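K.L.:
Could you have a look at this structure, given as structure tokens, before my questions?
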Amino acid sequence: MTVVLLRTVRRVGTSGAPADVLVVDGRIAAIGPAGTVDVPRAADVPPGTVLDVEVVEADGAWLGPGLRDHHVHFDQWALMRQRVDVQDCTSAEETADRLADAARTALPDHVLVGHGYRDGLWPAPARRELLDRAAAGLPVVVVAADLHAVWCNTRALAHFAGLLGRALPAGADGVLREQDAFDVTGALSRVPDELLDAAVEEAVDAAAQRGVTGVVDLEMVFGLDRWARRIAAGTDGIRVASGVYPGELDDVVARGLRTGDVVPGTRGLLTMGPFKVITDGSLGTRTAATSDGAGLLTWTPEDLVPVLRRAVAAGLVPAVHAIGDRAVTLALDAFETVGTRGTIEHAQLLLPEDVPRFAQLGVVASVQPEHAMDDRDIADHHWAGRTDRAFPFASLERAGARMQLGSDAPVAPLDPWVALAAAVGRDRDGRSPWHPEQRMSALAAWRGSTDGRVGVAVGDVADLVLVPSDPLTATSAALRTMPVLATAVAGRWTHRAL
């Protein structure tokens, strides 16, 4: 019997009165005023039971349910941590210079990869020749921050055309968008298992250090078997719900996998995730489908409804990517036609009449608040006159919609505290809040960053986070840098700094 007694904690969602919390074999077994709960004695358990007891003095730290990121691309997040960071570059020329510096120490024939360019406000567009000059002897590809575009030099286009077995339609700018970009980023993720798994293990540890106990992994290549392999090898610091895209729907249906099914042999850490469909592009790549006719619809309603019906009939819960207001309307229409619940991923620009439909249809708004901070200037430029209904968290909350928070890592950091700060403050870097009337309440943001709980209760699985101050009263600045004292999955420490 494994026993952990947390002495003198303050529970999130309560008055903060000091309490003791007893965890037995991965579940919360007792909660009482500080000093009133004790560990089991040998006489209190069946004969022969081996007691493994730990007492932790929490000294008034705040205890809450473990945090969840409801939208990540985990392999890409893990690999991005090893790529050339160009997120702060403000022009194509500056980005190319950054890659040129990295090229000086790159291995011969190595694909040089940058990550995080944002060209929505660049003074001049990307040009293939800039990357050709930056690293004349290497394939160079720079992945856009939103993952919906990649910028390649001539060698990289030839390299990936060979890998993919087809020509890539890049013009003079060398930029591939949407599915062509996804195909290239998928090819970049095909590294030897031992290298990828090592990168993922480091990323899992980093997530645990920020209080993360679970993620919804929407990597574009079905990852259930990879995660099962990793967990068996000891990468067991988080729970993972692994999603699937239309290209692999047949395989999942044939295996009889339904959303929420626990994968045998993974100690309950791995479950089948949702069915993901991408129906439009993104704001940063200027391909989000909006009601003024701009952008790109990648799934028409005539195609979307049948594939959702098939997935739902097989027991899969849909997660539909829709960023522009036209795409969101069509996604809600599809949910209504099919008669199913699920999530709309992103929901960045909404028509006023669509806001109440989320609650009416039981569709969850799965949002990534830090995107509003990253894209506020791009939105002001490309969605001018409409930003009062961009990232409309408060409107959704008032309408009774359920919201889940995530990062879309590597688009934003896999750090729920960053998402919480952006949700409740809509501010960053000392700038004034952007449309502060759309701030989310602390309570809704906290629920959206957990499994829906506010606090912990007897009987709960002990997925826990321990922090020095109350997250429900913290400022956005304090949330963004919140220290995490400890993280536990089923009562097992995955991070501990106290």
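K.L.:
Which residue, of 160, 222, is aromatic (Phe, Trp, Tyr) and over 30 Å from residue 462 (Cα atoms)?
P.N.:
The unique qualifying residue is 160.
Every residue, every condition in (1) of a type in the set (S, T, N, Q); (2) touching a helix residue (DSSP H, G or I) at 6+ places or on another chain (Cβ under 6 Å), yes or no:
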position	(1), (2)
344	no, yes
351	no, yes
360	yes, no
371	no, no
391	no, yes
399	no, yes
403	no, yes
414	no, yes
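K.L.:
A further question on this structure: If you check residue 289 against the conditions, is it in contact with a strand residue (DSSP E or B) (Cβ under 6 Å, 6 or more places away or on another chain), open to solvent by less than 30 Å² (accessible area, probe 1.4 Å), at pLDDT 95 or above and part of a loop (DSSP other than H, G, I, E, B)?
P.N.:
yes
K.L.:
Follow-up. Under 8 Å between Cβ atoms, at least 6 apart or on separate chains: pull out the pairs that start in region 138-165 with a residue that is more than 15 Å from residue 113 (Cα to Cα) and free of Cβ contacts under 8 Å to residues at least 40 places away in the same chain and end on any residue that is part of a helix (DSSP H, G or I) and not small (Gly, Ala, Ser).
P.N.:
164/183; 164/184
K.L.:
Under 7 Å between Cβ atoms, which residue pairs at least 6 apart in sequence (or on different chains) link something in region 168-188 that is closer than 19 Å to residue 278 by Cβ with a partner that is in a loop (DSSP other than H, G, I, E, B) and open to solvent by 30 Å² or more (accessible area, probe 1.4 Å)?
P.N.:
178/296; 178/298; 180/169; 182/220; 186/220; 186/221
K.L.:
I need the full set of residues from region 25-75 which are touching a residue at least 60 places away in the same chain (Cβ under 8 Å), in a strand (DSSP E or B), under 21 Å from residue 267 (Cα atoms) and of a type outside the set (Gly, Ala, Ser), in order please.
P.N.:
27, 28, 65, 67, 68, 69, 70
K.L.:
Sticking with this structure for a sec: Filter the strands (runs of 3 or more DSSP E) completely within region 457-498 down to those with at least 3 residues that are crowded, with 19+ Cβ neighbours inside 10 Å and at pLDDT 95 or above.
P.N.:
Per the criteria, 464-467, 486-489.
K.L.:
Still on this structure, please answer the following. Please enumerate the residues belonging to region 292-311 that are at negative phi, touching a strand residue (DSSP E or B) at 6+ places or on another chain (Cβ under 9 Å) and assigned to a loop (DSSP other than H, G, I, E, B).
P.N.:
Listed by number, the residues that qualify are 296, 298, 299.
K.L.:
Could you figure out which of (1) modelled with pLDDT of 95 or more; (2) among the basic types (Lys, Arg); (3) open to solvent by 60 Å² or more (accessible area, probe 1.4 Å) isn't true of residue 190?
P.N.:
(1)
K.L.:
Please go through region 44-72 and give me each residue that is buried (at least 20 other Cβ atoms within 10 Å of the Cβ) and not aliphatic (A, V, I, L, M), ordered by number.
P.N.:
Answer for region 44-72, where residues must be buried (at least 20 other Cβ atoms within 10 Å of the Cβ) and not aliphatic (A, V, I, L, M): 62, 64, 65, 66, 68, 69, 70, 71.
K.L.:
On the basis of being farther than 30 Å from residue 193 by Cβ and out of contact with any helix residue (DSSP H, G or I) (no Cβ under 9 Å at 6 or more places or on another chain), does residue 94 make the cut?
P.N.:
yes
K.L.:
With the requirement that a residue be surrounded by fewer than 17 Cβ atoms within 10 Å (Cβ to Cβ) and of a type in the set (Asp, Glu), what does region 341-393 give you?
P.N.:
353, 377, 380, 388
K.L.:
If you don't mind, there's one more thing I want to ask. Specify the residue that is nearest to residue 405 (Cα to Cα); the eligible residues are those in region 448-465 that are among the hydrophobic types (A, V, I, L, M, F, W, C) and under 21 Å from the mean Cα position of the chain (by Cα).
P.N.:
454
K.L.:
If you go through region 416-432 one residue at a time, do you hit one that is outside any loop (DSSP other than H, G, I, E, B), surrounded by fewer than 20 Cβ atoms within 10 Å (Cβ to Cβ), in contact with a strand residue (DSSP E or B) (Cβ under 9 Å, 6 or more places away or on another chain) and not polar (S, T, N, Q)?
P.N.:
no
K.L.:
Also, I was wondering about something else. So, in region 433-443, exactly how many residues are open to solvent by 20 Å² or more (accessible area, probe 1.4 Å), in contact with a helix residue (DSSP H, G or I) (Cβ under 9 Å, 6 or more places away or on another chain) and closer than 22 Å to residue 363 by Cα?
P.N.:
3
K.L.:
Here is a follow-up. Among the residues of region 158-179 satisfying the criterion of being open to solvent by less than 30 Å² (accessible area, probe 1.4 Å) and either more than 19 Å from residue 285 (Cα to Cα) or among the acidic types (Asp, Glu) (or both), which is farthest from the chain's Cα centre (by Cα)?
P.N.:
Per the criteria, the residue is 161.
K.L.:
Another question about this same structure. Being without any contact (Cβ under 8 Å) to a residue 12 or more places away in the chain and not in a loop (DSSP other than H, G, I, E, B) is the filter here; which residues of region 80-116 pass it?
P.N.:
94, 101
K.L.:
Scan region 26-49 and tell me whether some residue there is of a type in the set (A, V, I, L, M), closer than 26 Å to residue 201 by Cβ and in contact with a Leu (Cβ under 8 Å, 6 or more places away or on another chain).
P.N.:
Within region 26-49, none of the residues are of a type in the set (A, V, I, L, M), closer than 26 Å to residue 201 by Cβ and in contact with a Leu (Cβ under 8 Å, 6 or more places away or on another chain).
K.L.:
Output the residues belonging to region 1-23 that are outside any loop (DSSP other than H, G, I, E, B), open to solvent by less than 60 Å² (accessible area, probe 1.4 Å), over 12 Å from residue 457 (Cα atoms) and touching a residue at least 60 places away in the same chain (Cβ under 8 Å).
P.N.:
Selection gives 4, 6, 9.
K.L.:
Related question: From the set of residues in region 324-340 that are among the β-branched types (Val, Ile, Thr) and open to solvent by 10 Å² or more (accessible area, probe 1.4 Å), which is farthest from the chain's Cα centre (by Cα)?
P.N.:
Per the stated criteria, the residue is 337.
The values are calculated or read from the model by the stated rules, or taken from the named source; none is laboratory data. Treat the numbers as computed from the prediction; the structure is a model and nothing was measured. Using ideal geometry, Cβ is built from the backbone for each residue, glycine included, and neighbour counts are taken over all protein chains shown. Just the protein is used for accessible areas: all its heavy atoms, side chains included, with ligands, DNA and RNA removed. Shrake-Rupley method; radii C 1.70, N 1.55, O 1.52, S 1.80 Å.
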